[in-house]
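What follows is calculated from the coordinates using simple rules that are stated; it is not laboratory data. Note that this is a predicted model, so its numbers are computed, not measured. Here the Cβ is made from the backbone with ideal geometry for all residues, glycine too, and neighbour counts use every protein chain on show.
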């Protein structure tokens, strides 16, 4: 894989981040994570079920070489998100957090005001903050100035599989922020992942597209290859587009002409 | 002692610390985070931090998520 993904002090050799939600079983999830080649997976924080306190821990199904990225999914206010982030840190798995504060429940669209406010506070508290955000380039600049360690615009609504609706947003972000830009949410197929990477994203975060594939392990591998291909394509630099054809074979020396 | 744990009222006897409470509930210390009356308690303090009648306690763990 070309290069590394650097988020704060953390280095990753895969540019694919995988979510751990929605799998039919922990075993299927573990296999998919392995096939994806990821070194970073998201997890959520929820109340222990007191009626089944001994159920196996999700963490037991995550390979040792894979780091945990706790999210604040489900939070609707700055206070809620700060609480979840601090609890995750107290659970003793490091300073990484994926900040996600929802402002519209139907679209699971980020609340930009609360997100910026929480970013500032979490950065001051020493977290490594990866921020789920709208594809707004001005907000991205503010998040960068606030010290976010990665900025993660949505491609399309979470779990929708609509792909990256505004691909240009990736380039707008890349021209304006100093930290990695990771497309989070909406990736539905390998071509979506590849397009995001080819457009210049530093990484992609994928959950539903893998977990809800007919064969999650096979899709995880497809996404791995798509992310790699897209990244290599970006680094290689694509040819310019033309309005008209340009022959690939010599135009001189045609037989009988 | 009556505690409100994850929104449920529980009667637990013979417990003094968070560690005692987790043991009584059958919850593994290694995989949870605990908040008492809104205050986050580090794992290192589970043994020393007392719990008192009517404390509101949250016990959380990591689950699958995106």
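Among DSSP beta bridges lying fully in the protein assembly as shown, give the percent that are antiparallel, nearest 5.
50
In vacuo Debye scattering of the protein assembly as shown, one point per C-alpha: log10 I(q)/I(0) at q = 0.13, 0.15 Å⁻¹?
Here log10 of I(q) over I(0) equals -0.93, -1.17.
Mind checking the angle between helix A:112-124 and chain A's longest principal axis? C-alpha axes, 0 to 90 degrees, to the nearest 10.
So the helix axis and the longest Cα principal axis differ by about 70 degrees.
Using only Cα atoms, find the angle between the long axis of helix A:78-90 and the longest principal axis of chain A, and express it within 0 to 90 degrees, rounded to the nearest 10.
Orientation of helix A:78-90: about 80 degrees from the principal axis.
Where does the protein assembly as shown land at 222 nm, in deg cm²/dmol rounded to the nearest 500, when only DSSP H runs of n ≥ 4 count, each adding -39500 (n - 2.57), divided by all residues?
Helices in the protein assembly as shown give a 222 nm mean residue ellipticity of -9000 deg cm²/dmol.
Starting with the fewest neighbours, write out B:4, A:187 ranked by other beta-carbon atoms found within 10 Å of each beta-carbon.
B:4, A:187
Most fluctuating residue of A:148, A:24, A:226 in a GNM of chain A with Cα springs under 10 Å: which is it?
A:24
Indicate the gyration tensor shape class of segment A:1-98 (rounded, prolate or oblate), computed on the Cα atoms with a ≥ b ≥ c the square roots of the eigenvalues: a/c under 1.5 is rounded; otherwise a/b larger than b/c is prolate and the rest oblate.
oblate
Based only on other Cβ atoms within 10 Å, what is the fewest-to-most ordering of A:11, A:208, A:251?
Lowest to highest Cβ neighbour count: A:251, A:11, A:208.
Could you check the simple spin-label distance between residue A:251 and residue B:28, using points 7 Å along Cα→Cβ, in nm with one decimal?
With each label point 7 Å from Cα toward Cβ, the separation is 7.0 nm.
To the nearest 10 degrees, how steeply does helix A:26-36 sit against the main Cα axis of chain A, on a 0 to 90 scale?
Between helix and principal axis, roughly 40 degrees.
Given an 8 Å cut-off on Cα distances and at least 6 residues of separation, report the relative contact order of chain A as a percent.
19
Give me the number: length gained by fully extending residue A:235 to residue A:80, i.e. 0.36 nm times residue separation minus the C-alpha to C-alpha distance, one decimal in nm.
Computed gain between residue A:235 and residue A:80 is 51.8 nm.
What share of all Cα pairs of segment B:2-61, in percent, falls into each consecutive 5 Å distance bin?
4, 20, 37, 30, 9, 0
Counting DSSP beta bridges with both partners in segment A:19-150, what percentage is antiparallel, nearest 5?
Counting DSSP beta bridges with both partners in segment A:19-150, the antiparallel share is about 15 percent.
Using a Gaussian network for chain A with springs between C-alpha atoms less than 10 Å apart, which of these wobbles most: A:64, A:111, A:192?
Looking only at A:64, A:111, A:192, the biggest GNM fluctuation is shown by A:64.
Give me B:3, B:12 ranked fewest to most by other Cβ atoms within 10 Å of their Cβ, as a rough exposure proxy.
B:12, B:3
Enter the mean number of other protein chain beta carbons within 10 Å of the beta carbon of each residue in A:68-77, as an integer.
Whole-number average of other-chain Cβ neighbours for A:68-77 is 1.
Which one of A:15, A:176, A:46 has the biggest mean-square fluctuation once chain A is modelled by GNM with Cα springs under 10 Å?
Among A:15, A:176, A:46, the largest mean-square fluctuation in the Gaussian network model of chain A belongs to A:46.
Going 7 Å from the Cα of residue A:124 toward and past its Cβ, which residues in segment A:62-101 have a backbone nitrogen under 20 Å from where you end up?
Answer for segment A:62-101: A:77-90, A:95-101.
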